[in-house]
């Protein structure tokens, strides 16, 4: 792959990630709050009547996305829905750019090792790209998570990104910026599954379009419907991948909390199940899906559009 192609994929990946991050930031904040241990403060106490002995019994249930959103708006104001957007914008462009460039470069090389565009090529490429992007940008995502979890009432001074950086360094040192990276590595499985499904659907769409064009005796050209198809392919593949690999998201948020009792990936996973039950591993999944599906569709379609425009 030429240097120009690499730069095209870098730029396109950065554009896709930035657009998606801006449009879905409020859902990202709600999801992070639901995943954290501090969500216990959002629990709703419900009264369940008609028990066997006739007494009223209170039961505590996990908050839903709408309840969490309502609490943030009431106590902190609308601005809190965009907490962490700064680090997100700083990190999303280089993260996605590094990811897509590494993915394209790795796929190009592996096409000479395995069967071209095979499942093995997509899996290894996605895994290598995810590992590269995670290692390079984890400190940015840790700061983003800390800012999103920094709940302040209306009128209270909010912690800035620079203050958060100083606090992390003074508390945990340089290694503190890499908390949660083990969970991110576990999350590579989600990326691998996503890209394998996405590339498969994309290939089938291309084959169908080519076959249709040949039957009609016309030359195959890019149309608006092609980009709609790519958005649907991205949404479908991401839904499947996220549903399978979601627990790593909750573990990662817990590891990045300030003053946390969580120390490692498996220790956190075990503690979650023991203290809060298996359902805790999927806390915030609905919000994550609602956010991730349009975010991924926007990101992937923007990426494909930018690559197409720059390549003519």
Subject >> Estimated FRET transfer efficiency when R0 is 41 angstrom, pair residue 74-residue 205 (beta carbons, to 0.05) >> reply: 0.35
Subject >> Label-reachable residues, the stretch 4-36, where backbone N falls under 14 Å from a point 7 Å from residue 260's Cα toward its Cβ >> reply: 32-36
Original post:
Normalized C-alpha radius of gyration of the stretch 196-310, against 2.2 N^0.38 Å?
Top reply: 1.49
Subject >> Relative contact order (%) - criterion: Cα under 8 Å, at least six apart; region: the chain >> reply: 26 percent
Subject >> Helix axis angle, 161-172 relative to the chain longest principal axis, alpha carbon, degrees >> reply: 70 degrees
Original post:
If the stretch 64-213 were replaced by its equivalent ellipsoid, with semi-axes equal to the square roots of 5 times the Cα gyration tensor eigenvalues, what would those be, largest first, whole Å?
Top reply: 38, 21, 12
**OP:** Give me the angle, in degrees from 0 to 90, between the Cα long axis of helix 85-110 and the longest principal axis of the Cα atoms of the chain, rounded to the nearest 10.
**Re:** 40 degrees
Original post:
Where does each of 9-15, 166-172 land if you order them by average Cβ count within 10 Å, highest first?
Top reply: 9-15, 166-172
**OP:** Starting with the highest mean, order 278-284, 301-307 by the number of other Cβ atoms within 10 Å, averaged over the residues of each peptide.
**Re:** 301-307, 278-284
Original post:
How big is the equivalent ellipsoid of the stretch 133-262 along its three axes, where each semi-axis is √(5λ) from the Cα gyration tensor, reported in whole Å from largest to smallest?
Top reply: 43, 17, 12
Original post:
Taking Cα atoms, how many degrees apart are the long axis of helix 224-245 and the longest axis of the chain, rounded to 10 and kept between 0 and 90?
Top reply: 40 degrees
Original post:
Mind listing P(r) for the chain? All alpha-carbon pairs, 20 Å bins, whole percents.
Top reply: 29, 53, 16, 2
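Read the figures in this text as sums done on the coordinates, not as results from a lab. Keep in mind that what you see is a predicted model, and the values were worked out from it rather than measured. FYI the Cβ positions are ideal-geometry reconstructions off the backbone, even for glycines, and counts take in every protein chain you see.
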